[in-house]
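A.B. asks: So that we are looking at the same thing, I have put the structure below in structure tokens.
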Amino acid sequence: MRIINVKENPMGLTHAGVFHADEVFASVILHFLFGNTFTLARVNVVPEGYAGIVFDIGRGELDHHQPEKVYHENGIPRAACGLVWAKYGVAALELSLGLTHEESVLVHQKMDKGLILAIDAHDNGIVPDDPYRPYDVSQLIHQFNPTWLDDESADEAFMAAFELAKGVFEREVKNYLAAIRAENEVKSSPRLAADRVLVLDRYLPWKGAIGKDDPAMYVISPSMRGGYQIQAVPVSPCSMELRKPFPAEWRGKSSDLADVTGIPGSNFCHTAGFIASAETKDAAIALAIAAVETK
């Protein structure tokens, strides 16, 4: 993206002066929609007859500074970021970031309830009371506005904020996409012991892919330390409580674990009972099945 003079017929317009996260991230979305060809001007007044995309100014469909609001599902009004995201977000994800249409729709929905919602809430003044207000991305972007001691122009500062926001946006997309693709891989991976043991060919973030009705108790995957690891499934992705910890008599064992279990290649079981390891895949499977069958 480049910022140019309004007389050069930019593709987009937003307001001049102090900038906020909503128009900065809206610019990022449009950058991914149109690629590096996207140009922007920051103005005080929208020229008569201008036919490009106008956001956060001008009283049009992408300006939230008017009585008629568009709302998120939870009742928070959409700011410029949310309005641009609602109209162009899926296309931006699909065209520039290599997602399929189905992935684009899913990532769009997840980001709309996370990053986009947080930016819109902040721009509408919906933030936690001090002194417990978290330092969020909207405050971070605001810090890029020039102070009275700075020599840089407002447009230069906007571009610096844009580059940071672009990086945040890309990481958000990549993380959500990784979670979606992990969920698909979990669904297609083999199961053993009446679906209570899930066997993965590689390590991936599986916790969010195992729903409350999924019977899985243990997940096997290659370990980054070599061999295989067996993890006990928590009752929910963020919980420390396990559906079925490893047997008490296994916990804290390492070199003597094979003697306790009777399974050669058994390496280690954590004292908390949430993870165990084995030298081979077959040994890991045997450990997981034995854990399932232990009363």
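The values are calculated or read from the model by the stated rules, or taken from the named source; none is laboratory data. Note that the coordinates shown come from a computational prediction; the quantities given were computed from them, not determined experimentally. So basically every Cβ, Gly included, is an ideal-geometry build from the backbone, and we count neighbours across all protein chains shown.
A.B. asks: If the requirement is being under 21 Å from the mean Cα position of the chain (by Cα), among the acidic types (D, E), loosely packed, with under 15 Cβ neighbours inside 10 Å and in the same structural domain as L40 (by TED's automatic domain parsing), which of these qualifies: E163, E152?
C.D. replies: Result: E163 is the single residue among E163, E152 that is under 21 Å from the mean Cα position of the chain (by Cα), among the acidic types (D, E), loosely packed, with under 15 Cβ neighbours inside 10 Å and in the same structural domain as L40 (by TED's automatic domain parsing).
A.B. asks: So, one more: Within the stretch 256-282, track down each residue that is surrounded by fewer than 23 Cβ atoms within 10 Å (Cβ to Cβ), within 15 Å of I220 (Cβ to Cβ) and of a type outside the set (S, T, N, Q).
C.D. replies: I263, G265, F268, F274, I275, E279, K281, D282
A.B. asks: Just a yes or no: is a residue in the stretch 70-85 crowded, with 19+ Cβ neighbours inside 10 Å, in contact with a helix residue (DSSP H, G or I) (Cβ under 9 Å, 6 or more places away or on another chain), in contact (Cβ under 8 Å) with a residue 60 or more places away in the chain and over 19 Å from I141 (Cβ atoms)?
C.D. replies: Within the stretch 70-85 (the criterion being crowded, with 19+ Cβ neighbours inside 10 Å, in contact with a helix residue (DSSP H, G or I) (Cβ under 9 Å, 6 or more places away or on another chain), in contact (Cβ under 8 Å) with a residue 60 or more places away in the chain and over 19 Å from I141 (Cβ atoms)), the answer is no, since none of the residues qualifies.
A.B. asks: Assuming D123 fulfils every condition listed in (1) over 20 Å from E61 (Cα atoms); (2) among the charged types (D, E, K, R); (3) in contact with a Ser or Thr (Cβ under 9 Å, 6 or more places away or on another chain) apart from one, which condition is it?
C.D. replies: (1)
A.B. asks: Another question, if that's okay. Can you find even one residue in the stretch 135-153 that is out of contact with any Pro (no Cβ under 8 Å at 6 or more places or on another chain), part of a helix (DSSP H, G or I), of a type in the set (S, T, Y) and more than 30 Å from P47 (Cβ to Cβ)?
C.D. replies: Checking the stretch 135-153: not a single residue is out of contact with any Pro (no Cβ under 8 Å at 6 or more places or on another chain), part of a helix (DSSP H, G or I), of a type in the set (S, T, Y) and more than 30 Å from P47 (Cβ to Cβ).
A.B. asks: Continuing with this model, one more query. Among the strands (runs of 3 or more DSSP E) confined wholly to the stretch 175-289, which include 3 or more residues that are farther than 30 Å from E103 by Cα?
C.D. replies: Filter on the stretch 175-289 gives 266-269, 275-278.
A.B. asks: Is it true that T100 is out of contact with any strand residue (DSSP E or B) (no Cβ under 9 Å at 6 or more places or on another chain), of a type in the set (S, T, Y) and free of Cβ contacts under 8 Å to residues at least 40 places away in the same chain?
C.D. replies: yes
A.B. asks: Can you confirm whether A232 is in contact with a strand residue (DSSP E or B) (Cβ under 8 Å, 6 or more places away or on another chain), within 22 Å of A179 (Cα to Cα), in the same structural domain as K281 (by TED's automatic domain parsing) and surrounded by 16 or more Cβ atoms within 10 Å (Cβ to Cβ)?
C.D. replies: yes
A.B. asks: So P67 ticks every box in (1) over 29 Å from I4 (Cβ atoms); (2) in a helix (DSSP H, G or I) but one. Which box is left unticked?
C.D. replies: Unmet condition: (2).
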